[in-house]
Amino acid sequence: AQKITQTQPGMFVQEKEAVTLDCTYDTSDPSYGLFWYKQPSSGEMIFLIYQGSYDQQNATEGRYSLNFQKARKSANLVISASQLGDSAMYFCAMRDYGGATNKLIFGTGTLLAVQP
Amino acid sequence: DGGITQSPKYLFRKEGQNVTLSCEQNLNHDAMYWYRQDPGQGLRLIYYSQIVNDFQKGDIAEGYSVSREKKESFPLTVTSAQKNPTAFYLCASSSGRADSIYEQYFGPGTRLTVT
């Protein structure tokens, strides 16, 4: 069965520093996608970055990058130059492309607090 | 602007009453989803629909019902059979295009409180 694990319930980071949020996954399907979402206190989920299982390079989107280590089944989110507005919950999610649905499986999230 | 709207943002109901949460999208997406989020928890899938007039149960469908009569709309009814209905409900949609990565776009959510 598919599973996403986020072992860090909460993290602190100083403004302007980089932070890594951990995510490990488990799937038996060779074709899958990994997503990171940000959830501010307002509640809306914001799509940040995507990594496909066959992508050769790590995904990057502005200050966000994904450290994809396929053999270790990890897909850590790296946020560079943290800003106060980065304070939020962050969720890792996975989609199994071998299945007939577009379902996402979510982890339990990591609460990031950026300190001035 | 394209997006997903959910109404209302806050909803209060008495125990034993059914309540319907609205979800509308103008992204022309084929697939729509309903999730439930409890405090400090991740999202759990209630129902999803990949096409009009078709929907499937997610992981926690008991006590909920949905309909998909129009592509743009996917309302969720929380019935009196749902034992713990107080939660934050999120609606999402995704494209069914073959070249899509199927990222899901979310609405702002409805916070339901049942007393």
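Output the number of residues of the range A:69-105 satisfying the condition of being open to solvent by less than 20 Å² (accessible area, probe 1.4 Å), within 30 Å of B:Ile51 (Cα to Cα) and either more than 15 Å from the chain's Cα centre (by Cα) or among the aromatic types (Phe, Trp, Tyr) (or both).
Qualifying residue count for the region: 3.
Hey, could you check the range B:24-44 for residues that are part of a strand (DSSP E or B) and more than 13 Å from chain A (Cβ to nearest Cβ) and say which is farthest from B:Val78 (Cα to Cα)?
Applying the filter and picking the extreme gives B:Gln25.
Given A:Gly43, A:Gly33, which one is buried (at least 17 other Cβ atoms within 10 Å of the Cβ) and in a loop (DSSP other than H, G, I, E, B)? Even if it seems obvious, please write down each step before you answer.
Working: A:Gly33 fails: in a loop (DSSP other than H, G, I, E, B).
Being buried (at least 17 other Cβ atoms within 10 Å of the Cβ) and in a loop (DSSP other than H, G, I, E, B) holds for just one of A:Gly43, A:Gly33, which is A:Gly43.
For the range B:65-111, which positions are open to solvent by 20 Å² or more (accessible area, probe 1.4 Å) and among the charged types (D, E, K, R)?
Of everything in the range B:65-111, those that are open to solvent by 20 Å² or more (accessible area, probe 1.4 Å) and among the charged types (D, E, K, R) turn out to be B:Glu69, B:Lys70, B:Lys71, B:Glu72, B:Lys83, B:Arg97, B:Asp99, B:Glu103, B:Arg111.
Enumerate the pairs (first residue in the range B:71-100 and among the small types (Gly, Ala, Ser); second residue anywhere and at pLDDT 95 or above and open to solvent by 60 Å² or more (accessible area, probe 1.4 Å)) with beta-carbon separation below 9 Å, excluding pairs fewer than 6 apart on the same chain, so at least 6 apart or on different chains.
Pairs found: B:Ser73/B:Glu24; B:Ala81/B:Glu62; B:Ala87/B:Arg111.
Based on this model, can you work out whether B:Val114 counts as crowded, with 18+ Cβ neighbours inside 10 Å, more than 13 Å from chain A (Cβ to nearest Cβ) and more than 27 Å from A:Cys92 (Cα to Cα)?
Values: crowded, with 18+ Cβ neighbours inside 10 Å: yes; more than 13 Å from chain A (Cβ to nearest Cβ): yes; more than 27 Å from A:Cys92 (Cα to Cα): yes.
The answer is yes for B:Val114.
Which residue is most open to solvent (accessible area, probe 1.4 Å), if the candidates are limited to the range B:3-23 and must be within 13 Å of chain A (Cβ to nearest Cβ) and of a type in the set (S, T, N, Q)?
B:Thr5
Restricting to the range A:52-68, give me the number of residues that are open to solvent by less than 60 Å² (accessible area, probe 1.4 Å) and under 17 Å from A:Arg95 (Cα atoms).
Residues that pass the stated criteria total 5.
Looking at (1) out of contact with any Lys or Arg (no Cβ under 9 Å at 6 or more places or on another chain); (2) among the small types (Gly, Ala, Ser); (3) part of a loop (DSSP other than H, G, I, E, B), find the lone condition where A:Gly85 falls short.
The number of the failed condition is (3).
Within the range B:55-64, track down each residue that is within 14 Å of chain A (Cβ to nearest Cβ) and open to solvent by less than 60 Å² (accessible area, probe 1.4 Å). Reasoning before the result, please.
Keep residues of the range B:55-64 that are within 14 Å of chain A (Cβ to nearest Cβ), which gives B:55-61.
Those that are within 14 Å of chain A (Cβ to nearest Cβ) and open to solvent by less than 60 Å² (accessible area, probe 1.4 Å): B:Gln56, B:Gly58, B:Ile60, B:Ala61.
The values are calculated or read from the model by the stated rules, or taken from the named source; none is laboratory data. The shown structure was predicted, so the numbers you read here are calculated from the model rather than taken from an experiment. Cβ atoms come from the backbone with ideal geometry, glycine included; neighbour counts cover every protein chain shown. Note: areas computed on protein heavy atoms with side chains; ligands, DNA, RNA excluded. Shrake-Rupley method; radii C 1.70, N 1.55, O 1.52, S 1.80 Å.
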